[in-house]
1. As an exercise: evaluate Gly619 against (1) open to solvent by 40 Å² or more (accessible area, probe 1.4 Å); (2) in contact with a Lys or Arg (Cβ under 6 Å, 6 or more places away or on another chain); (3) among the small types (Gly, Ala, Ser) and give the number of the one condition it does not meet.
2. Would you point out which residue out of Glu499, Glu511 is assigned to a helix (DSSP H, G or I) and either of a type in the set (Gly, Ala, Ser) or under 23 Å from the mean Cα position of the chain (by Cα) (or both)?
3. Scan region 640-651 for residues that are crowded, with 18+ Cβ neighbours inside 10 Å and farther than 19 Å from Gln608 by Cβ and jot them down.
4. Identify, from the list Leu310, Leu306, Leu301, Leu317, the residue that is buried (at least 19 other Cβ atoms within 10 Å of the Cβ), more than 18 Å from Pro153 (Cβ to Cβ) and under 33 Å from the mean Cα position of the chain (by Cα).
5. For region 101-135, which positions are touching a Gly at 6+ places or on another chain (Cβ under 6 Å) and part of a helix (DSSP H, G or I)?
6. Residues in region 538-547: is at least one on the phi > 0 side of the Ramachandran plot and either of a type outside the set (S, T, N, Q) or without any contact (Cβ under 8 Å) to a residue 40 or more places away in the chain (or both)?
7. Go through the residues of region 833-855 one by one and say whether even a single one is in contact with a Phe, Trp or Tyr (Cβ under 9 Å, 6 or more places away or on another chain), farther than 19 Å from Asp63 by Cβ and either outside any helix (DSSP H, G or I) or at pLDDT 95 or above (or both).
Amino acid sequence: MRTFFPSDSCKESQLNAINPQSWLQVERGKLSKLSSSHTNSSSIESFIKVPEPPILPFFKPIDYVEVLAQIHEEMESCSPQERATLYLLQFQIFRGLGETKLMRRSLRSAWQRAGTVHEKLVFGAWLRYEKQGEELIADLLATCNKCAQEFGPVDVSQLQVEVNGCSKETVVMNGDKSLKNVNFKIGDEIIVCDRQKIASLSAPFHAMLNGYFTESSSQDIDLSENNISPLGMRTIGEFSITGSLSEVHPDLLLEILVFSNKFCCERLKDACDRKLASLVCTKDDAVEFMEYAIEQNSPVLAASCLQVFLHELPDCLNDERVVEIFSHADRQQRSIMVGRASFSLYCLLSEVAMNLDPRSDKTVCFLEQLIESAETDREKLLAFHQLGCVRLLRKEYDEAEGLFEKAVSLGHVYSIAGLARLGYIKGHKLCSYEKLSSVISSVNPLGWMYQERSLYCEGDKRSEDLEKATELDPTLTYPYMYRAASLMMKQNVQAALAEINRVLGFKLALECMELRFCLYLAIEDYKAAIRDVQAILTLSPDYRMFEGRVAASHLRTLVREHVGSWTTADCWMQLYDRWSSVDDIGSLSVIYQMLESGGAKGVLYFRQSLLLLRLNCPGAAMRSLELARRHASSEHERLVYEGWILYDTGHCEEGLRKAEESIKISRSFEAFFLKAYALADSSLDSSCSSTVISLLENALKCPSDNLRKGQALNNLGSVLVDCGKLDSAADCYINALKIRHTRAHQGLARVHFLKNDKATAYVEMTKLIEKAKNNVSAYEKRSEYCDRDLTKADLEMVTRIDPLRVYPYRYRAAVLMDSRKEKEAIAELSRAIAFKADLHLLHLRAAFHEHVGDVLAALRDCRAALSVDPNHQEMLELHSRVNSHEP
């Protein structure tokens, strides 16, 4: 879900409007120091607030590994028509885990395995919706003569419709055999048709013309009262002979469609259906024709209209006519419109509507349709839970309660959080606490359970629950934020900052950045405050603070008055210092300020994109790259940025081609660097190493600043190490360190290690740890260069700084397994698997289960791991081996 799904159960005191000027004066020095007698906890509380965590509208099973394994098992034996729906459920689980890449992969699999045209339409539209803003990539690929229309228009004429027409060989039962033609009278006109050809159109016509009706012996038949025009009847007569419709006006086609339905002319109706479907081009066409398609049961025309609507998501949902069509379709109408893909369609529409406005009526209508479309228990519990979340937001508490109860009855334990929140709103705080306590005592507890229960207790109990929540799921941001705010209320500034920095060390959550900004503001550390708000604006230019009431850009303007201005030279010095100390947030802030001051914006946006990639913000990085391209000062510079855009989106060869085009125009550092980078990644041939070395050497001969030259020297050193040229690699790393490329310590440590000097390698990594602000990867790497006790200490530090890194868990589990502590080894892996769906963790745990003879647990982990990566060769082999032992 793209939008923040806010909690609606916050206390009313937290929802009062604020006026930034009341606590942030433009004149320097108007804010009193935190330590002064004028400042107390209530004044801090006026702007340091932590909203309660929202009830998320996601499918969150107690044991996601078990459910993934079940889905994978079902896929092994299901029919092709059921597979896409199973991938959709897999998508929903990954969404609940926050695994964006896995979500998109599941959607792509659903699209690839779609068993019907309707599923192809829905999942293609969903993938296109997920790729909003990536239109530039398609344009760039077109300049490389490569088509990017992966999810382009579907040929709806492929839709198979059963046609039950009469045999062309008709039998005259009671009619006049001498009558070859029939004259249809319509008004004052006579339309002459081949009697037996018309009879072959349908059973009713056959009975009329050859059966026991008076018309069977009549030459003339009056059809004036049957809503068909003379031109329409002539067209029908021609169709009865040729079997096809020539160029016919849409209005006439609609007339014939209605007539064909009335007289059960299936072949004629199908021809009209397909002809009309080919004429739907615009949203207005689709709105008009969809009404006829539903009334006349014309599935091909309906599919064509649906394709137009879905192609225009999300904008088409701002058209009330379109919303009306989707909102009020009954079961039969949904079947005409989208076949068996009704649940998938309303999953998509609900997702889009919630992103636009989760409180809107159309969101409710789509979710009600989702409930109507749900067939399995899993589908129903998801639909009930999502609508419950929306009803909760709309303060429709009784309706929300009923929906959450239904979801719980179907096995969705997470919906109990919704029931607890409703109980709290209604004043039953103790009951809410007991609900969560009951859940915690009856299942394997998860972090969200303790987080939710903490809302319904005070003091030490709340603190203990929040600590337990963090222990079980360190990705939950609310516990860190609450603890930081509580420490600030006690005027324990350093402890508050340390607490919020814990989560920001591995998860760049905007709400946590906002809280840290407020903390710095409270202690008048305006330099740190401006750094954070500028980093926030880099990540999300339209971000609004204080529950959406104040634009972050406005707060930045106010804080800016308290910070001295920098010259361009000052900015470059500051950037150099922060980049060298691996302070990515600080570097982002400096670049934001430099962009505001003018200068070479293309270069600055490019540097910004590099930092954002390092911070694992690919969406923001791509936005910065596109801005770099837009502000490029020359064609060869623009080509380099286009190359990086293509490379970063998986189009390596096309990125390489852009680099070569740039070099032909001008031999620049960035063009050579890009070409070397792309070539090293795209070629599996070890002989290309010499080419990469040559390219990096050429890059170093071109003008550039030390920030980029340090990176080139570091990369060159890495290639030389791979080629076994350790002395030359060491020279590169030493030269990089001379211009303060701090990360080169890691490369130099590797050289020492490969020369069997483990002690010096350890010392080198220690230098990196001491210099780098973001040093978690340095601790992890240093662990490879020391004895087991020091390794264990370094990896414990890694987990403390970034609990999402999986290597430490795997190492500790392997050590425990070596010590024959099988249960402890499996528990160590399970600790991380609970909040992170990682292939390597699941693979190792599956191997451990196999080792101790727990075949079913091993098979479960194998299937879950193959849900994460279905093509992992070692995992496939383990799965095959374990599967052969299944009882």
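The values are calculated or read from the model by the stated rules, or taken from the named source; none is laboratory data. Please read all numbers here as calculations on a predicted model, not as lab measurements. We place every Cβ from the backbone using ideal geometry, glycine too, and count neighbours over all the protein chains shown. All accessible areas refer to the heavy atoms of the entire protein, side chains included, with ligands and DNA or RNA removed. Shrake-Rupley method; radii C 1.70, N 1.55, O 1.52, S 1.80 Å.
1. (2)
2. Details: Glu499 fails: either of a type in the set (Gly, Ala, Ser) or under 23 Å from the mean Cα position of the chain (by Cα) (or both).
Among Glu499, Glu511, only Glu511 is assigned to a helix (DSSP H, G or I) and either of a type in the set (Gly, Ala, Ser) or under 23 Å from the mean Cα position of the chain (by Cα) (or both).
3. Initially, region 640-651 is screened for residues crowded, with 18+ Cβ neighbours inside 10 Å, giving 640-647, 649, 651.
Result: His651, single match.
4. Numbers: Leu310 fails: more than 18 Å from Pro153 (Cβ to Cβ); Leu306 fails: more than 18 Å from Pro153 (Cβ to Cβ); Leu301 fails: more than 18 Å from Pro153 (Cβ to Cβ).
Going through Leu310, Leu306, Leu301, Leu317 in turn, the sole match is Leu317.
5. Taking region 101-135 and keeping what is touching a Gly at 6+ places or on another chain (Cβ under 6 Å), we get 111, 116, 118.
Result: Trp111, His118.
6. First, the residues of region 538-547 that are on the phi > 0 side of the Ramachandran plot: 546-547.
From what's left, either of a type outside the set (S, T, N, Q) or without any contact (Cβ under 8 Å) to a residue 40 or more places away in the chain (or both): 546-547.
Yes; the residues of region 538-547 include at least one that is on the phi > 0 side of the Ramachandran plot and either of a type outside the set (S, T, N, Q) or without any contact (Cβ under 8 Å) to a residue 40 or more places away in the chain (or both).
7. Yes, the conditions are met somewhere in region 833-855.
Matching residues to (1) part of a helix (DSSP H, G or I); (2) among the hydrophobic types (A, V, I, L, M, F, W, C); (3) touching a Lys or Arg at 6+ places or on another chain (Cβ under 6 Å):
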residue: Pro445; (1), (2), (3): no, no, no
residue: Trp448; (1), (2), (3): yes, yes, no
residue: Gln451; (1), (2), (3): yes, no, no
residue: Tyr456; (1), (2), (3): no, no, yes
residue: Asp460; (1), (2), (3): yes, no, no
residue: Ala469; (1), (2), (3): yes, yes, no
residue: Pro474; (1), (2), (3): no, no, no
residue: Arg483; (1), (2), (3): yes, no, no
residue: Ser486; (1), (2), (3): yes, no, no
